[in-house]
Amino acid sequence: MNLAPYAVQEKTARGRFYPETEAQGRNPWQRDRDRVIHSTAFRVLQYKTQVFINHEGDFFRTRLTHSLEVAQIACSVARALKLNVDLTECLALAHDLGHSPFGHAGERALAKMMQDYNGFSHNDQSLRQVTLLEQQYIAFNGLNLTWESLEGLAKHNGPVDNPDPYLERINRSYPLDLFNYASAEAQIASISDDIAYHSHDLDDGLRAGLIEFKDLEDLPVVGEALYEARKQMEQCKFKDSLQKRLRYEVIRRVIDCLVRDLKKQTADNLSGLNPKTPEDIRNCTYGIVQFSPKIMEGNQKIRNFLYQNLYSHWRVNRMSRKGELLVQHLFEILSENVDLLPKKWQIRALEAGKRKQKSGILRVITDYIAGMTDRYAIEEYQRLTDLSILS
């Protein structure tokens, strides 16, 4: 594929922290993507909460299916704009590698427990995962991703004015230009995350019965999609599955509307900026990948609707609260009794304790819990608290 001059390309690539001979038959970002897919953190996303805890049903999204949907959308946009599809896909697949069990409820619990020790966020944890916690290569810890992939993970939400200590340490040894914007590819991965979770959370909310079609009629973008889908449904011959087909048609139209608008507005922005290199994108004073003002406003209203009607629904609140309490109690048990950790994590905690005393030990416990699936966290908590379980 002929790439645009402002796309990330091999001739302008900045290499890896640990120099390696690049693979034959794969460009550096195809290799990065493959390393992400083969990582432990990527595999366990299949049992991590998106909105509904895994045992609520087999058909709800998980962090893994969410990441795959983000990648599909992001690649479509990158391809249309002649950007580096492989880098875009890698960033989309890797953006949630640091997510804790039980979604944002687990993240809140870990952030609370670590508030006096530099906190916790899944974005920072994703970078920690790919630079330290993946330990499968002989020559280095982490995945040794390219500079462009690390930059995209660190800055996919925009310039970083106040990096956490771990990112600051990485930046000192391997500068990521934190005060600039990331590549257009990273920006696409970030906004595709919004498109994916807005659309599939609407789908899962409808499937679960927590929201209804009538709730969507006045919602920008979604209401229009519902109107058009209902018109088409009048001709539908499959009378046994009308609601299922209507739900799918609405979500398909929502995604199509958002993606088409994003492509057009970003193409207009690029035309106005007329960048000649990836650095022109990074040095721009605003994010180049954007919705049009009308769709941006509509997208914000979709976000507000989901917070009010799905994420704050009493049934979701109950699940989230239980997940938050479980993670918090698990952290408290392990921080008071480090010898309850599995052996390899005990060794890491003792090594960290020698260097940083209590904060180092607590960070290891945080790493251990953040890497758990919902199911494993529940089972580990039972093993530590249920007297009927003796192993």
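The values are calculated or read from the model by the stated rules, or taken from the named source; none is laboratory data. None of these values were measured; they are calculated from a predicted model. With ideal geometry, Cβ positions are generated from the backbone for all residues, glycine too; neighbour counts draw on all protein chains shown. The accessibility values were calculated without ligands, DNA or RNA, using every heavy atom of the protein model including side chains. Shrake-Rupley method; radii C 1.70, N 1.55, O 1.52, S 1.80 Å.
Overview of values
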| quantity | calculated |
| --- | --- |
| Percentage of interatomic Cα-Cα distances in the chain larger than 41 Å | 17 |
| Cα-Cα pairs of the stretch 107-149 separated by more than 15 Å (percent) | 52 |
| Probe 1.4 Å, accessible area per residue of the chain, Å² | 48 |
| Peptides 228-237, 324-333, 297-306 ordered by average Cβ neighbours within 10 Å, highest first | 324-333, 297-306, 228-237 |
| Relative contact order of the stretch 23-102, pairs being alpha-carbon contacts under 8 Å that are 6 or more residues apart, as % | 36 |
| Karplus 3J(HN,Hα) series, Hz, for the stretch 306-313 with 6.51 cos²θ - 1.76 cosθ + 1.60 (x for Gly, Pro) | 5, 5, 6, 10, 10, 5, 9, 5 |
| Residue-level accessible surface for Arg252, protein heavy atoms, 1.4 Å, Å² | 110 |
| Distance between the stretch 64-92 and the stretch 326-386 - C-alpha centres, whole angstrom | 34 |
| Share of carbon and sulfur in the accessible heavy-atom surface of the stretch 86-207 [1.4 Å probe, %] | 45 |
| Violating pairs (Cα-Cα greater than 23 angstrom) within the set Lys155/Lys322; Lys48/Lys214; Lys231/Lys264; Lys214/Lys239 | Lys155/Lys322; Lys48/Lys214; Lys231/Lys264 |
| Ranked order, Met296, Met114 - accessible area, probe 1.4 Å, largest first | Met296, Met114 |
| Whole-Hz ³J(HN,Hα) from phi, Karplus 6.51 cos²θ - 1.76 cosθ + 1.60, for the stretch 29-41, glycine and proline x | 8, 5, 5, 4, 4, 5, 5, 4, 4, 8, 6, 5, 4 |
| Per-residue HN-Hα couplings for the stretch 375-389 [Karplus 6.51, -1.76, 1.60; θ = phi - 60°; Hz; x = Gly/Pro] | 4, 5, 4, 4, 5, 5, 4, 5, 4, 8, 10, 9, 5, 6, 9 |
